[in-house]
1. Which one of 56, 84, 66 has its Cα pushed farthest toward the positive end of the charge dipole of region 3-146, where Lys and Arg give +1 and Asp and Glu give -1 at the Cβ?
2. Under a 10 Å cutoff between Cα atoms, tell me which one of 120, 70, 96 has the largest fluctuation in the Gaussian network model of the chain.
3. For region 78-160, rounded, prolate or oblate, judged on the Cα gyration tensor with a ≥ b ≥ c (square roots of eigenvalues), a/c < 1.5 rounded, else prolate if a/b > b/c?
4. Checking the table 22/72; 22/79; 72/105; 14/40; 111/154; 22/42 against a 18 Å threshold on Cα-Cα, which pairs fail?
5. Tally up the carbon and sulfur contribution to the accessible surface of the chain as a whole percent, 1.4 Å probe, everything protein left in place.
6. Taking +1 at the Cβ of each Lys and Arg and -1 at the Cβ of each Asp and Glu, which of 123, 133, 188 sits farthest along the dipole of the chain towards its positive end, judged by Cα position relative to the Cα centre?
7. To the nearest 20 debye, what is the magnitude of the charge dipole of the chain about its Cα centre, counting +1 on the Cβ of each Lys and Arg and -1 on the Cβ of each Asp and Glu?
8. Quick check: pseudo-label points 7 Å beyond the Cα along Cα→Cβ at residue 187 and residue 156, how many nm apart are they?
Amino acid sequence: MLNLILFGPPGSGKGTQATRLKERYQLLHISTGDLLREEKAKGTVLGLEAKKFMDAGELVPDAVVIGMIESKLDEYADKVNGIIFDGFPRTVAQAEALDDLLNAKNTCIAKVLFLQVEEEELVKRILERAKTSGRADDADEATVRRRIVEYENKTAPVAEYYQQFDIVTKVAGQGSIEMITEALAAQIDVLI
Ligand code: ADP
């Protein structure tokens, strides 16, 4: 399996690029943000619990997201060429849990592609996206900034965690969508 993590702060383009790369490399795209929003929309117990955190711009508890990933892996790991993870792992505990889950399936993460975008550009993109996304957490600047602080405190250490295995590559996340896809693809091509 070719398993990749698309990593970066909120608004860095992970979702946009993951959608393009999954087509190109025939990978399963797993976005924990999308999965949580589906649960919210269905009004499940998990969705209602997650909503409180998401609307406040905070991370959903690890146990909730790890459980969701575990069931996706059980369902798909032996059916796909590989997986592109988007928005997961977002804490070191999630990264460790993911390693264990993948090890149990005799596979691992091949590469962490880390999108580099300046903070003011992130805020600008997310407030622009709010016009069409319908996401409460995109519409309010204070919540957007809260998400960036959560990222700095809890998610940025995930890049350091993977650096110990020498699998992190930084890619410029500003420029045209097509150029960024090509820069990411160049990194993936050397793996296959
Ligand atoms: P963005 O990358 O723009 O912040 P996402 O759709 O990835 O958007 O995430 C939206 C929200 O969903 C996050 O702010 C957080 O509350 C929750 N979330 C998504 N993925 C995770 C995760 N792996 N761990 C904890 N919370 C998560």
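The values are calculated or read from the model by the stated rules, or taken from the named source; none is laboratory data. These figures come from a predicted structure and were not determined experimentally. Every residue, glycine among them, receives a Cβ derived from its backbone with ideal geometry; neighbour counts consider all protein chains shown. SASA here: full protein model, heavy atoms, side chains in, ligands and nucleic acids out. Shrake-Rupley method; radii C 1.70, N 1.55, O 1.52, S 1.80 Å.
1. 84
2. Most flexible of the set in this elastic network: 120.
3. On the way: a/c = 2.55, a/b = 1.93, b/c = 1.32.
It comes out prolate by the Cα gyration axes.
4. Details: 22/72 16 Å; 22/79 15 Å; 72/105 13 Å; 14/40 21 Å; 111/154 20 Å; 22/42 25 Å.
In this structure, 14/40; 111/154; 22/42 lie more than 18 Å apart at Cα.
5. 51 percent
6. Farthest towards the positive pole: 133.
7. 400 debye
8. The answer from the label model is 1.8 nm.
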